[in-house]
Amino acid sequence: MKLIRSALIGVGVAAIANLTLFGNSGDLSPRFKDNEYLNNTTGEELYRANCARCHGDNGEGGKGPNLTTENKKAKWKDSDSKIIRQIQKGGFFMPSFRKKLTDDEIRSIAAYVRELPPVSK
Ligand code: HEC
């Protein structure tokens with residue numbers, strides 16, 4: 001039941017994120033900052049709101065790389081620090097989330113990403 005609920009919330013959040021963000025990938029601005037509802041969300045919901053548009057709903061990739069391959073899993077099997085750093089700093093195309101997400105939020109997304117089951121497109 002809880003899973004279904006968060007899946008539905010995830011879809012809703014992704015829809016809102018798409019509406020507000022599409023075509024503006026450089027700036028993921030303050031949008032959810034004061035949204036109490038989202039401050040209590042899990043890594044999954046945050047992933048869907050912030051990451052799924054590039055990395056796919058299940059981490060299978062899209063504009064960004066697949067996050068569930070063996071190579072990726074191997075890279076961060078010992079700790080979440082690499083995932084956390086990537087989220088904070090961003091990359092070449094990937095935006096930085098340091099100003100948009102709290103440390104706790106970033107940690108919960110990293111924990112979620114690490115546990116994603118392998119998927120291929
Ligand atoms: C605008 C598209 C975009 C968004 C949004 C995005 N990413 Fe990325 N991500 C990328 C791209 C592209 C790369 C490859 C490196 C680069 O060019 O930035 C990447 C790389 C990564 C990597 C490093 C993979 C490796 O090889 O080590 C991780 C981890 C990651 N992203 C996680 C996330 C998470 C978690 C979020 C949400 C908080 C997110 N990304 C949001 C596009 C995106």
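All of the numbers you see were taken from the coordinates with simple rules; none came from a lab. Quick caveat: nothing in here was measured; it's all calculated off a predicted structure.
Stretched out straight at 0.36 nm per residue, the stretch from ARG98 to ASN58 would grow longer than its current Cα-Cα span by 12.1 nm. Put simply, the amide H of THR68, placed in the peptide plane, has neighbours under 5 Å in VAL119, leaving out anything fewer than 5 places away on its chain.
The string of couplings for the stretch 102-118 from the Karplus curve (6.51, -1.76, 1.60, θ = phi - 60°) is 6, 4, 4, 5, 5, 4, 6, 5, 4, 5, 5, 4, 4, 8, 4, x, x Hz, one whole number per residue in order, with x for Gly and Pro.
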